[in-house]
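First up is the structure itself, then whatever we jot down about it.
The values are calculated or read from the model by the stated rules, or taken from the named source; none is laboratory data. Computed from a prediction, not measured in an experiment: that's the story for all the values here. When we count neighbours, we look across all protein chains shown, and the Cβ atoms used for this are built from the backbone with ideal geometry, even at glycine. With ligands, DNA and RNA removed, areas are computed over all heavy atoms of the protein, side chains included. Shrake-Rupley method; radii C 1.70, N 1.55, O 1.52, S 1.80 Å.
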Amino acid sequence: GVKCVSGATLVAPRDFSGIWQASSSNLDLHLLPGEEIALTPHGAERYRTVDHAQFPGNTCLPYGPNRGMSARYPYMIVQTAQVIAVLTEHIDYRIFYMDGRDHPDDILDYPEWMGHSIGRWEGDTLVVDTIGIRPETWLDRGGLQHSAQMHLIERFEKTGAATMAWTVTVEDPVFFTKPWTYQRDVERLDFPRLLPARCADGEVDAVHMLPVPGATHETPPTFLEE
């Protein structure tokens, strides 16, 4: 199909195949107007005490969906009618099931590093619903964390032949008092292939890092005192 965006013709608006990359900056810099990250007392305590030396990526563990798709590493989208796969350079993957299935009943008992994702089309926008994300993952490099109850709604919308807007709503009643939404501009790269970037044995950064307590954001979240 052909879609008109800001007076321009956008060819194949549902085609997200290719290699993409978003900026690696923290989520407070990408909040939509009127949005705020508001922490519960538990979320605020975790925000103050998180140790940057313990970021899972420092011990070769997966990044999780939020940080994994906005790290310095690019990712590849492989698209079919029934399944859309996201393959990251640090050798993790996401699968968006497009066949109408629901989340497994036991997904919260067996959470996954990238969660379980089901997708659907709203016009030419790809909408992805994800739950069951392991709570060890971080939302951004600043140290924003979440619980196993986190629920993501992502919207992928082409804004040009090689650009898209990736809009994410985060809901987690354990860490945040209300849902909040951020958006990143993502660019398709002219790369011939992905280059695997997972760290290997003997390259574990955490053992060389001193503790660095407290999350760091230009605009810190608001929070409720107990």
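Show F96, F191 ordered by accessible area, largest first, where the area counts protein heavy atoms only and the probe is 1.4 Å.
Descending accessible area places them as F191, F96.
The convex hull built on the alpha-carbon positions of segment 138-189 has an orientation-averaged projected area of 4.2 nm². Protection proxy ranking for 150-161, 10-21, using the average of other Cβ atoms within 10 Å per residue and placing the highest first: 150-161, 10-21.
Computed extension length for D51-R101: 14.2 nm, one decimal, from 0.36 nm per residue of separation with the Cα-Cα distance subtracted.
Sorted on the mean count of surrounding Cβ atoms within 10 Å across their residues, most packed first, peptides 106-118, 64-76 read 64-76, 106-118.
Across segment 98-158, the relative contact order, built from alpha-carbon pairs under 8 Å that are at least six residues apart, equals 30 percent.
What does the accessible area per residue of segment 1-107 come to in Å², with a 1.4 Å probe and no ligands, DNA or RNA counted?
With all protein chains present, segment 1-107 gives 46 Å² per residue.
Note on segment 116-167: with neighbouring protein chains present and a 1.4 Å probe, carbon and sulfur make up 50 percent of its accessible heavy-atom surface. Please report, to two decimal places, log10 I(q)/I(0) for segment 1-121 at q = 0.12, 0.22 Å⁻¹ as given by the Debye formula with identical point scatterers on the Cα atoms and no solvent. Treating every Cα as an identical point scatterer, log10 I(q)/I(0) equals -0.65, -1.40. Convex hull volume of the C-alpha atoms in the chain, normalised per residue: 135 Å³.
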